[in-house]
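Notes to accompany the following structure.
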Amino acid sequence: MDLAKLTIKEARRALDAKEYSAVELTDAYLDAIKKKDGDIHAYVEVWEKEARAQAQRADEKIARGESRLLTGIPMAIKDNILVESNIAAAGSKMLETYRATYDATVIEKLKAEGAVFLGRANMDDAAMGSSTETSHFGITKNPHDHARVPGGSSGGPAAAVAANMALASLGSDTGGSIRQPAALCGVVGLKPTYGAVSRYGLIALASSFDQIGPFGKTVADTEVVFEAIRGHDPRDSTSLPDLQQDASRPKKIGVPRAFLEKGSEPDVLAAFETKLSQLRTRGYEIIDIDLPYTPYSLAVYYIIQPAEASTNLARYDGVRYAHTVPSETVGEMYAKTRATGFGREVRRRILIGTFVLSSGYADAYYRKARAVQDAIRTEFVRMFEYVDAIATPTTPAPAFKFGEKSDPVAMYAEDIFTVPANIAGVPAISVPMGDVERDGTKLPTGFQIIAPHRAEEVLFTIGRDVEGTV
Amino acid sequence: MSKPEVDVRALANLARMDVSEEELQKLERELPAILSFVETIQAVHIEKSERNWSLRNVMREDENPHESGIYTEKLLAQAPAQKDNRVVVKQVISRKK
């Protein structure tokens, strides 16, 4: 089988028709990993023995005529999603030796499907970053250009699919951490509506933004994985009730021109415009819209996210998990454990979070940010009364070089088009929209579609049309 | 609003995190720069009427507890130090004044 051409749909057909076995398919991916991952480093750890055992059980399921959509499908799992008995380190020294004591809900669901987990995929330290450069376990390279980043924080899952070292993967998105690497690596990445997918078993970064979501080579593949992992979960108090969504066909796409033209590279904008023209020929109406509050999303995000992260990461105290620095007093143990277990970016954001929540500043920063978040969310809800979806480039530019964005604020600006969807809680997808050239190398770019709450169906419909016009 | 005083050492104390001298100096430059960037939200004027979204806490009933001790072994295995079925910690409360 040709992994470069393979999709979940095709693999399902071939597996059920017994053209090859799940074990053969998994072996093909394990071979690909052996050949390519020494260089790319999408995986922190490959679960070879377990993967083969899962593939074996998948073959038995198929033989009994009980195959489900993802039976035997080899996937990479981001390092912050718990798979019982396996290490889940969230790219961090703090959890380097931590073994998951339970399965995340999404993992339970994928196990019920009979999917195969090839290994845990690399990510930025504690999911804080847009390049995977801060991983405690080393960088991941962009398969399209090894001198450039794959994006982050889900750089590993994106690169694994882009390099045909996994047929699909799971990542997490708090400010763009699925969509931005999807765009930079030339694959499809979905951030579901906040609450659509259970966060039970996802190592928390910012609890009011985090969502687990799929990477796939096609929109159809991404949809299959989404359907498998979504659903109400009583163990996640922020999980939404199951809902039959109204599937009326989207017609109007809003483009917030003033917002997206700021700081976007001309050729990325040109690729975006070309895509819009193609969508017009497919019957969509493209409308210029104005979102006055949305440009504040990045500032709102870099107040609320560090605040929530500083709270969530307070649990890492050297007492209950993994990394610890034994000391004379409990206070010293906390201070030394946390100084050495977290990387620089993580420490920086914890301190920002501590500041914006501190007495005397919480009103001006944190509470003000929440009020502006309110306004941004309302703005989206109101805009969706006029348009069915909103479109932007996923990122202002293609993949950058390692070390290029050493200034923290320059790195944060990577998220400018992706964070609004996290702030508003709405679903968004990145679909490849063609290459641009840098230093003679072709680099992928992504087309982002944003839909109303619970309207992932709109993302898949428009996404398929974006794909179809390549 | 005026430029905030960023006492990095005080923040590090609050966050229960050691910061080296070298890092302290870097952070004393970096944190104000980040705060300048996010301060742009001060310019946003929000009408009271635009605050639409109220949050509510979602809790489950405090009932049907699982059998005591069924997860103990697994959880303890992840702790850096354990003894007699308990996680070992340094003394937290002291009798000294």
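Every number in this text was worked out from the coordinates using simple rules, so none of it is lab data. For clarity, every value in this text was computed on a predicted model and none was experimentally measured. Neighbour counts are summed over all protein chains in view; Cβ atoms, including those assigned to glycine, are modelled from backbone coordinates with ideal geometry.
The modelled label-to-label distance between A:Lys35 and A:Asp242, using points 7 Å beyond Cα along the C-beta direction, is 4.2 nm. Helix-only arithmetic for chain B: the sum of -39500 (n - 2.57) across DSSP H runs with n ≥ 4, divided by the residue total, places the mean residue ellipticity at 222 nm at -9500 deg cm²/dmol.
FRET efficiency for the A:Val381 to A:Glu467 pair, using the beta carbon distance and R₀ = 35 Å, is estimated at 0.80. Packing-based ranking of B:31-42, A:411-422 yields A:411-422, B:31-42, ordered from highest to lowest mean Cβ neighbour count within 10 Å. Working note: Cα gyration tensor of region A:239-376, eigenvalues times five, square-rooted, sorted largest first, giving semi-axes of 43, 18, 18 Å. Rounded, prolate or oblate: which fits region A:374-463 when a ≥ b ≥ c are the square roots of the eigenvalues of the alpha-carbon gyration tensor, with rounded for a/c under 1.5 and prolate only if a/b beats b/c? It comes out oblate by the Cα gyration axes.
Here's how it looks for A:Thr395: its modeled amide H is under 5 Å from those of A:Gly446, which are all 5 or more places away or on a different chain. Please identify every one of the trypsin sites (Lys or Arg not before Pro) in region A:1-99 that sits in a loop by DSSP and has no more than 13 other beta carbons within 10 Å of its own beta carbon. Loop-located and lightly packed - A:Lys5, A:Lys18, A:Arg64.
Take the cross-link list A:Lys109/A:Lys217; A:Lys34/A:Lys141; A:Lys78/A:Lys111; A:Lys405/A:Lys442; A:Lys18/A:Lys78; A:Lys36/A:Lys141 and give me the ones stretching past 18 Å between alpha-carbons. Those over the limit are A:Lys109/A:Lys217; A:Lys405/A:Lys442; A:Lys18/A:Lys78. What share of Cα pairs, in percent, lie more than 40 angstrom apart in the protein assembly as shown? It works out to 22 percent of all Cα pairs. Amide hydrogen proximity for A:Gly254: with H placed 1.01 Å from N in the peptide plane, the residues at 5 or more positions away or on another chain lying under 5 Å are A:Ile287, A:Asp388, A:Ala389, A:Ile390, A:Ala391.
Convert 20 °C to kelvin, take the viscosity as 1.002 mPa s, use the Kirkwood radius over C-alpha pairs of region A:315-470 as Rh, and evaluate the Stokes-Einstein diffusion coefficient in µm²/s, rounded to a whole number.
Translational D for this selection: 111 µm²/s.
Other protein chain C-beta atoms within 10 Å of residue C-beta, averaged over A:345-355: 6.
Its alpha carbons give region A:10-136 an Rg and a Dmax of 15.2, 46 Å. Rounded to the nearest whole angstrom, the semi-axes of the ellipsoid equivalent to region A:48-96, taken from the Cα gyration tensor as √(5λ), stand at 29, 10, 7, largest first.
Using θ = phi - 60° in the Karplus curve 6.51 cos²θ - 1.76 cosθ + 1.60, the 3J(HN,Hα) couplings for region A:168-179 round to 7, 8, 10, x, 9, 9, 10, x, x, 5, 9, 5 Hz; x is entered for Gly and Pro.
Taking every DSSP beta bridge that has both ends in the protein assembly as shown, the antiparallel portion is near 70%. Peptide A:302-308 has a mean of 2 when you count, residue by residue, the C-beta atoms of other protein chains within 10 Å of its C-beta.
Restricting the calculation to Cα atoms, region A:99-226 shows an Rg/Rh of 0.93 when the hydrodynamic-style radius is the Kirkwood one. Mean partner shielding of peptide B:7-15, defined as the number of other chain Cβ atoms within 10 Å of each residue Cβ, is 5. Over all other residues within a Cβ to Cβ distance under 11 Å of A:Ala63, the charged ones net out to 0, with Lys and Arg as +1 and Asp and Glu as -1.
Can you list the residues, at least 5 places off or on another chain, whose amide H is less than 5 Å from the amide H of A:Thr441, using H built in the peptide plane? Those qualifying (amide H under 5 Å, at least 5 residues apart or on another chain) number zero.
At q = 0.17 Å⁻¹, what is the log10 ratio I(q)/I(0) for region B:22-97, with the Debye formula run over Cα points and no solvent? Cα-only, vacuum Debye calculation for region B:22-97: -0.88. Scalar couplings 3J(HN,Hα) for region B:65-75, obtained by applying the Karplus form with A = 6.51, B = -1.76, C = 1.60 to θ = phi - 60°, are x, 6, 4, 4, x, 6, 9, 3, 4, 4, 5 Hz; x denotes Gly and Pro. Evaluating 6.51 cos²θ - 1.76 cosθ + 1.60 at θ = phi - 60° for every residue in region A:462-468, the Karplus couplings come out as 5, x, 4, 6, 5, 4, x Hz, glycine and proline recorded as x.
Each principal axis of the Cα cloud of region A:322-408 was evaluated for its coordinate range; sorted largest first, these ranges are 63, 39, 25 Å.
Rounded to the nearest 10 degrees, the inclination of helix B:21-38 to the longest alpha-carbon principal axis of chain B is 60 degrees.
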